[in-house]
1. Report, in debye and to the nearest 20, how large the dipole of the protein assembly as shown comes out about its Cα centre when Lys and Arg carry +1 and Asp and Glu carry -1 on their Cβ.
2. Would you kindly compute the Cα radius of gyration of segment B:58-184 and its largest Cα-Cα separation (Dmax), both in Å?
3. Mind giving me the FRET efficiency for residue A:407 and residue A:474? R0 is 35 Å, r the Cβ-Cβ distance, nearest 0.05 is fine.
4. For segment A:78-237, calculate the relative contact order in percent as a whole number, restricting contacts to Cα pairs under 8 Å that are 6 or more residues apart.
5. Mind listing P(r) for chain B? All alpha-carbon pairs, 20 Å bins, whole percents.
6. How many partner chain Cβ atoms sit within 10 Å of a residue's Cβ in peptide B:178-191, on average, as a whole number?
7. Order of A:368-381, A:114-127 by packing, highest average Cβ count within 10 Å first?
8. With a ≥ b ≥ c taken as the square roots of the eigenvalues of the C-alpha gyration tensor of segment B:1-84, please select rounded if a/c is under 1.5 and otherwise prolate if a/b is larger than b/c or oblate if it is not?
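Coordinate-derived values only; no laboratory data. Just so we're clear, the structure is a prediction, and the values are computed from it rather than from any experiment. Cβ: placed from backbone, ideal geometry, glycine included. Neighbour counts: every protein chain shown.
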Amino acid sequence: MSFTQAQLLALLPILIVGATALAVMTAIAVRRHHRATATIAVVGLNLALIACLLVAQLEPQQVTPLLRVDGYACFYMALILITTLATATLSHAYLENDRRNPEEYYLLLVIAAMGGLVMVCAEHLATLFIGVELLSIPLYGMIGFPIGERRSLEASLKYLVLSASASAFLLFGLALIYAQTGALGYAELGAATSQLSANSPYLLVGGAMLLVGLGFKLSLVPFHLWTPDVFEGAPAPTMLFLATASKVAVFAALTRYFAEAGDYHFDRLLDVLSGIAILSILVGSLLALAQKNLKRLMAYSSITHFGYCLVALIAGGELAVEAVGVYLLTYVVTALGAFGVISLMSSPHHERDADSIHDYRGLFWDRPYLTSTMIVAMFSLAGVPLTAGFIGKFYVLAAGIDARLWWLVGTVVLGSAIGLYYYLRVIIAMFLTERGIHRTTAPLDWAQRAGGIVILLITVLMFWLGVYPQPLIELIRAAGLH
Amino acid sequence: MILLWLILIPIIGGLLCWQGERHAGPWLPRWFAAGSMLLVLILSLWLWISGDYSLAVPGGTPQWALEFKRDWIPRFGISFHLALDGLSLMLVVLTALLGLMAVICSWREIDQRVGFFHLNLLWNLGAVIGVFLTLDLFLFFFLWEAMLVPMYFLIALWGHNAPGGRGRIYAATKFFLFTQASGLIMLVAILGLVYVHQQQTGVLSFNYMDLLGTSMSPLTEFWLMLGFFVAFAVKMPTVPLHSWLPEAHSQAPTAGSVDLAGILLKTAAYGLLRFAIPLFPNASLDFAPVAMWLGVIGVIYGGVLTFAQNDIKRLVAYSSVAHMGFVMIGIYAGTEMALQGVTIQLLAHGISAGGLFILCGEIYERMHTRDMRQMGGLWARFKTLPPIALVFAVASLGLPGFGNFVGEFLILAGTWALAPAVTIVASTGLVLAAVYCLILVQRTFHGPIQGDAASLRDLSSRERYMLLILMAVLLWLGLYPQPFLDTSTTTMQAIHEIYRGAAVAVAAP
């Protein structure tokens, strides 16, 4: 099969990221130098981002039956690239004084990002699977990167085992779907399913297994058990990537699959999905209540948030894709803020990351700007107006009410009320002073670092999206699935 | 444009306070804050004097003296829409006045993180003013929630940890959870209303004027009305949902209590009058007896619980529950007289409760206790504080001559024809009020002196003038309420028309 020029152009972001991975690998082989390696990775990701913006101007391109590069794909590719860039910048601050070879981290990061890009372009179940694997396998390494740490290794092993079994489920599901329909491309699948009855057993079981596989990656209840341990054990930048880029890629792929492969056709599948959403929201919020560790709390909070996002997906219709886009974007911005602060407060030579809520006590009065980011991020996660998170929650509620999903809407309201309680606990801790116990983990000159600038930009963005979301909404409407 | 400035001045002032402290020390934020609130007060008084609020109501469509509208999120038909009529003007003036008093009464009380304190106080006031002005339901919800965050910080960071109480953070969190959760239910109701309206007209709009008169099935209307009612009932507070109030009040700093009792509770009554009833007239009419009885329960239950309090701030807090019960009765009675009584009651209760909380703060600053068992005999130990407190106490119990009497009298007289039973039971609340107010005075100021008999530092001139101004306004409301009644009469007539329209519609078939 030959490529036309337009198709090659459409693939440019993925190609650039692939080339960056090669360049980083070669650079490490030539000479170990932390800053140079990080620079190569960041430059490559930036080029890919620019390419992504260029491609977004072009007509949608079908590149082989496997990939489709349209406005939707470009939006999520840009989102994943921005998240990866933020991760790279923050990991530079995190790994800076690490004497054990930090360079390979960027290699793993870039490969994982490529997996994400492939997933959001996937128009075919085979590509979906390749993307999932390309995204997950480097993550094993990224989670266990501080190899001297018992907890990181344990987390890495746990993720490896569970993720591999989830992939097996996914593969089995794909096989069942293929057995019934004889198709793997979304368009053919959509055509095939619309002719079958909604109860054809292979298709239903296959769809359910696909949900199990992707549910693991999204850590939806009841497939969430790995999340708190892995979040706690992973180094802070990895946790950031795991909670944002990785989940966004999977969710974007799931949304495209649902919209194009005709899974809204299956009422039973939607019922199962509703159950998963309700459980995710409630279990996530209730378990977060008891957490004293910020990373575990964020892990449970991310379970809840993807439950909310699922509500928008279940609602379907014209509003669903838009609501999912808005929700994922606001969640990513917010999570970048929260995890970014944790990364900046942490460093691998300390025994552990700054992940206990206790570490943040009274921090506001010492480091007002860094803490302000955390406070705004917490309010945004709680969905309080003036912050980005509110716009996301507004969309989810609007989509739910438009589709008359009263049970799900009620759960969202309940989950938000419970969520507020634990977010407020984190917020108020940052104001409470207790003399003598304060410990500052990261160097104080954070503001001069690139990481500090990223954090400030994110804070501004959280406010801006919350107060004036219209440009964002227009952007996402343009990037819908047409 | 001037409406926008009413909101922007406190917000900008708050930022200046915050930055001011970092560069010049704690005195600057106090002056900045007082200056901004004074400016808002002058602006709002100027609006009152120069504007004409007795616009006729052609065909029941509300008329606005001033309006400001800009597109905000056109995707959902959301606009930044502010408008002013007599009722909102009265409440903005009240907010500005009590806001100024809240700044002045914390002049000495707050000595830590002064800049950040005033940032929170002013942002809260700015958001409340916004709530009173907005005509877009999205913006309304936005500001409704935005005013909670600063209030949360006011209680959690500058509050007291009363001995025996469960602490200021507990109180602040409970306040935030109650109001935010009920607020989310209102958001669901708002979205429900918007989608019902969209189904009928094909237009997605959050504009109050578009949504007025949306017709829907009685069941839908009832549920949507209930969504609004729950949010307002929590904030009011109505009895089964009131338990956050005494906690929040007893732990809050003085300025926080003044703000909470004087202003924040009024947003609930305003919300009922502006949104819940006009948007859902039929459901409101059906629901009116229930709401009125809830009000009666508030009056009696609040009154009885007030007796049992030893903490002086909790006592005033529970008396607010009782007073707001009258407001609830008046709103759902829906006669013009009762509704006018509600206006006066809102203003008078804001000022008398605000004054009493300021006095509680003054006593606490001097005695470091709020426990009435440790007071007693204070009349001998102060010169001017006890008589001033007596004035506010008798105002609060509804002595003729003060605004509270006018408000309660009009509410009860306006309700009589409609629901005599409600009126009779609610009237006993007046007796309860007399008893608990006198008990307050008797236990704190009279009787044997507890402990140390040394005289205490009397009110400074700052504190005295502040309270004298509030007393003067209370007397004005009591002796010559006509200017206030004239200002709000058009708004209240319109609401009365809505009720009558609904009642006619029920009677016709």
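1. Here the size comes out at about 2120 debye.
2. Every Cα atom of segment B:58-184 included, Rg and Dmax give 17.4, 57 Å.
3. The computed FRET efficiency comes out at 0.65.
4. 24
5. For chain B, the binned pair fractions read 24, 59, 16, 1 percent.
6. On the way: counts 1, 0, 8, 7, 2, 5, 11, 3, 0, 10, 9, 1, 2, 8.
That average works out to 5.
7. Per-residue Cβ counts within 10 Å, averaged per peptide and sorted highest first, yield A:114-127, A:368-381.
8. It is oblate, given that a/c is not under 1.5 and a/b is not larger than b/c.
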